[in-house]
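Engineer: Can you keep this structure in mind? I'll have questions shortly.
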Amino acid sequence: MSEHLNLTSDGAVATLTIDRPDKKNALSLEMWSALPGIARRVRADDRLRALIIRGADDAFSAGADISEFATVRGDADGARRYAAAIEAAVKSLTDLPKPTIAAITGFCIGGGCELALACDIRLAAADARFGITPAKLGIVFTLPSTKQLVDAVGPAWAKQILFTGDIIDAPTALRIGLVNELHATDLLDKRATELALVMASRSQVTIRGAKDIVGRVVAGRHDEDDDVVRMYAASTASTDYAEGVAAFLEKRTPRF
C-alpha cells in the first residue's frame, strides 16, 4: 500500500482515496505499482461488493507524476517498466469482478483519466476537467488504455482527445460518453455512495456475469462459448436465483 493511496470501507462499499493533494493527486510509480495489490484486497474480501475511487480535496488526479520521469523513465528500460506498471494497475481494476465507480472532481488528466477509464462507471462534478496529454510529452498512449478510451467515446473523439491534448469540460465529457453522470460537487460523493449501495444490494451472480459478458462484447467476442453457457447454468442453480424468484413471488425485496 502506498502512503498516498488510502483504502477504507463502510459496510459493503470500499473507497480508495488518492491522497496527494500537494501534487493534485498525481500518481507516482510507487502508487501505480501499489494498485494491483489494493485490487486484490478488494477482490478477496467477500464483505466488499463495490469500490469507489476518488481524489482527496479538489482533484481526482492531475495524472502521472512527471517530476519523476527523468529518473524512473530515464531510458528505454525504465520507460518499459513504467508502462508495464501502469498496464498492470489498469488491468487489475478492469478485471476486478466487482463494480467500480470513479467519483471525479477537479482535474482528471492523463494517468488520472486512464485510471477513471479503468472503472465501470464514471460520475463527475459539474466543474471537472478532463484531458489525456501524451501529445504534449512525446509519449505514445498504451494500447489497452487507448482501447478503453475508444470504447467510451468512439474513435473520432478518441483521436481528437489524443491528437490535441486539449482539456475538455464536464458537459462535453458527458455528451461524448466519457462520464455517465454529472452532479454538483457537494453531492458527488453522496451519489457515488448511493449508486455503490444499490449495486451492492443486487445479485452479485448477475453483476459478475454481466461484467464478464460486457467485457467479452467490447473485446469483439460475440459468440457464446462453453464458459458462457456454464455461467448461465450456474446462475440458475445459485442461491441468488432461488432468493430472487422467492422474493418476487412473496412481493418483497430480495436479500442477496
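Engineer: Name the residue that is surrounded by the fewest Cβ atoms within 10 Å (Cβ to Cβ), counting only residues in the range 178-192 that are under 15 Å from the mean Cα position of the chain (by Cα) and assigned to a loop (DSSP other than H, G, I, E, B). Spell out the reasoning first.
Structural biologist: Initially, the range 178-192 is screened for residues under 15 Å from the mean Cα position of the chain (by Cα), giving 178-181, 192.
With assigned to a loop (DSSP other than H, G, I, E, B) added as a condition, the list becomes 178-180.
Values: Leu178: 25, Val179: 24, Asn180: 16.
Selected residue: Asn180.
Engineer: Any idea which of Ser9, Ser33 is in contact with a Lys or Arg (Cβ under 8 Å, 6 or more places away or on another chain), open to solvent by 40 Å² or more (accessible area, probe 1.4 Å) and either farther than 23 Å from Ile167 by Cα or in a loop (DSSP other than H, G, I, E, B) (or both)? Give the steps one after another, and end with the answer.
Structural biologist: Values: Ser33 fails: in contact with a Lys or Arg (Cβ under 8 Å, 6 or more places away or on another chain).
Residue meeting the stated conditions: Ser9.
Engineer: Being over 28 Å from the mean Cα position of the chain (by Cα) and either within 30 Å of Ala152 (Cβ to Cβ) or in a helix (DSSP H, G or I) (or both) is the filter here; which residues of the range 215-240 pass it?
Structural biologist: Asp226, Ala233, Thr236, Thr239
Engineer: So, one more: Name the residue that is farthest from Asp151 (Cα to Cα), counting only residues in the range 200-244 that are among the hydrophobic types (A, V, I, L, M, F, W, C) and touching a residue at least 12 places away in the same chain (Cβ under 8 Å). Before the answer, list the steps.
Structural biologist: Of the residues in the range 200-244, the ones among the hydrophobic types (A, V, I, L, M, F, W, C) are 200, 205, 207, 210, 213-214, 217-219, 228-229, 231, 233-234, 237, 242.
Remaining after also requiring touching a residue at least 12 places away in the same chain (Cβ under 8 Å): 200, 205, 207, 213, 218, 228, 231, 234.
Details: Ala200: 25, Val205: 25, Ile207: 20, Ile213: 15, Val218: 7, Val228: 22, Met231: 25, Ala234: 29 Å.
The qualifying residue farthest from Asp151 (Cα to Cα) is Ala234.
Engineer: Inspect all residues belonging to the range 67-88 and state whether any of them is at pLDDT 95 or above, β-branched (Val, Ile, Thr) and in contact with a Leu (Cβ under 8 Å, 6 or more places away or on another chain).
Structural biologist: So far as the range 67-88 goes, no, none of its residues is at pLDDT 95 or above, β-branched (Val, Ile, Thr) and in contact with a Leu (Cβ under 8 Å, 6 or more places away or on another chain).
Engineer: Residue by residue through the range 38-55, note down the ones that are more than 13 Å from Leu188 (Cα to Cα), open to solvent by less than 10 Å² (accessible area, probe 1.4 Å) and outside any helix (DSSP H, G or I). Even if it seems obvious, please write down each step before you answer.
Structural biologist: Looking only at the range 38-55, we keep the residues that are more than 13 Å from Leu188 (Cα to Cα), and these are 38-51.
Of the ones still in play, those that are also open to solvent by less than 10 Å² (accessible area, probe 1.4 Å) are 38-39, 42, 50-51.
Across the range 38-55, the qualifying residues are Ala50, Leu51.
Engineer: Taking the options Ala192, Ala200, Ala210, name whichever one is modelled with pLDDT of 95 or more and touching a His at 6+ places or on another chain (Cβ under 9 Å).
Structural biologist: Working: Ala200 fails: touching a His at 6+ places or on another chain (Cβ under 9 Å); Ala210 fails: touching a His at 6+ places or on another chain (Cβ under 9 Å).
Exactly one residue qualifies, and that residue is Ala192.
Engineer: Condition first: surrounded by 15 or more Cβ atoms within 10 Å (Cβ to Cβ) and part of a helix (DSSP H, G or I). Now tell me which residues in the range 67-80 satisfy that.
Structural biologist: Glu68, Phe69, Val72, Gly78 - these are the residues of the range 67-80 that are surrounded by 15 or more Cβ atoms within 10 Å (Cβ to Cβ) and part of a helix (DSSP H, G or I).
Engineer: Of the residues that make up the range 16-23, is at least one open to solvent by 10 Å² or more (accessible area, probe 1.4 Å), of a type in the set (Val, Ile, Thr) and in contact with a strand residue (DSSP E or B) (Cβ under 8 Å, 6 or more places away or on another chain)? Quick ask: steps written out before the conclusion?
Structural biologist: Kept after step one, since they are open to solvent by 10 Å² or more (accessible area, probe 1.4 Å), are these residues of the range 16-23: 17, 19-23.
From what's left, of a type in the set (Val, Ile, Thr): 17.
Checking which are in contact with a strand residue (DSSP E or B) (Cβ under 8 Å, 6 or more places away or on another chain) leaves us with 17.
Among the residues of the range 16-23, at least one is open to solvent by 10 Å² or more (accessible area, probe 1.4 Å), of a type in the set (Val, Ile, Thr) and in contact with a strand residue (DSSP E or B) (Cβ under 8 Å, 6 or more places away or on another chain), which makes the answer yes.
The values are calculated or read from the model by the stated rules, or taken from the named source; none is laboratory data. All of these numbers come straight from a predicted model, not from anything done at the bench. Glycine also receives a Cβ, built like all others from the backbone with ideal geometry; neighbour counts cover every protein chain displayed. The area values use the complete protein model at the heavy-atom level, side chains included, leaving out ligands, DNA and RNA. Shrake-Rupley method; radii C 1.70, N 1.55, O 1.52, S 1.80 Å.
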